[in-house]
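Please read the structure below before turning to the comments.
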Amino acid sequence: MMKLYYSKQSRATRPRWVMEELGLEYEIVPMNLQAGDQRKPEFKELNPLGQIPVLQDHERVICESGAICLYLADRYRPGTMAPALDQRGDYYRFCFYVYNTLEHQLIEIFLHTRFLPEDQRKPERVAQAKELLQARLQIIADHLATREFIADGRFTTADVLVGSALDWAHMQGLLGGFPSLVGYVEKLKKRPAYQRAHETEVAHS
Ligand SMILES: N[C@@H](CCC(=O)N[C@@H](CS)C(=O)NCC(=O)O)C(=O)O
């Protein structure tokens, strides 16, 4: 059975959400990041960076949450969570947008408002990241102004990735100027698969 190295408040919820949408059987390997499970040598053999999520699908090991999500969408029940190959413009654009464009600002704000020790936080970096974030959120709001979902006129893995990043932005109180994006996130969070992906670390089948 597939194994997902997982912790509830982490990017591991993204592939778990995809697996739940696909109705796959999998096993959760709970990782306690506070206790440093990710730094144990046996885990670093899977991901030398010492980060989750990691997917183990038989002999195949995949790191990077975005890559795992796209792999699952193409490998299992193809067509369910991804558009046809020649219909993937918006799909690829927004999957990569999350990691290359949107999350830089979210990470910067998170580091300098919550994560780093107070004496290392730089308010000017937060201010700059918040300004950049507005334009980046606007791109998604404009795209969704005429669509219910990101790609293919239906729910796909692009919504899992965009929705997860926006969920994190919302948790940080950063969607204030974007009620339509709050509505989009709230709609996605009602999906049973989202809820199962965020609950206790017991796998469903
Ligand atoms: N780009 C990676 C980032 C993975 C990542 O930052 N994982 C965090 C949790 S969300 C982690 O494992 N942190 C523990 C650590 O770095 O010690 C991905 O998308 O999978």
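The values are calculated or read from the model by the stated rules, or taken from the named source; none is laboratory data. Quick caveat, the model's predicted, so the values are computed rather than measured. Virtual Cβ from ideal backbone geometry, glycine too; neighbours counted across all protein chains shown.
Laid out as a table, the results:
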read-out: Any hit, the stretch 176-184, residues being out of contact with any Asp or Glu (no Cβ under 6 Å at 6 or more places or on another chain), touching a residue at least 60 places away in the same chain (Cβ under 8 Å) and of a type outside the set (Lys, Arg); value: no
read-out: Those residues of the stretch 77-90 which are under 18 Å from residue 64 (Cβ atoms) and free of Cβ contacts under 8 Å to residues at least 12 places away in the same chain, in sequence order; value: none
read-out: Condition check for residue 42: in a helix (DSSP H, G or I) and over 27 Å from residue 148 (Cβ atoms); value: yes
read-out: Enumeration of residues in the stretch 66-106 that are touching a strand residue (DSSP E or B) at 6+ places or on another chain (Cβ under 8 Å), within 20 Å of residue 19 (Cα to Cα) and surrounded by 15 or more Cβ atoms within 10 Å (Cβ to Cβ); value: 68, 71, 72, 83, 91, 94
read-out: Options 150, 109, 140: the member that is farther than 30 Å from residue 22 by Cα, touching a residue at least 40 places away in the same chain (Cβ under 8 Å) and not polar (S, T, N, Q); value: 109
read-out: Long-range neighbours under 8 Å by Cβ, at least six apart or interchain, first residue assigned by TED's automatic domain parsing to the domain that holds residue 66 and over 8 Å from residue 63 (Cβ atoms) within the stretch 39-53, second within 11 Å of the ligand (Cβ to nearest atom) and among the acidic types (Asp, Glu); value: 43/37
read-out: Within the stretch 47-65, considering residues that are in a strand (DSSP E or B) and among the charged types (D, E, K, R), the one surrounded by the fewest Cβ atoms within 10 Å (Cβ to Cβ); value: 60
read-out: Selected residue (only one of 125, 93, 114 is part of a helix (DSSP H, G or I), under 18 Å from residue 69 (Cα atoms) and either of a type in the set (Lys, Arg) or in the same structural domain as residue 23 (by TED's automatic domain parsing) (or both)); value: 93
read-out: Residue 10, sole failed condition from (1) farther than 19 Å from residue 99 by Cβ; (2) part of a loop (DSSP other than H, G, I, E, B); (3) within 14 Å of the ligand (Cβ to nearest atom); value: (1)
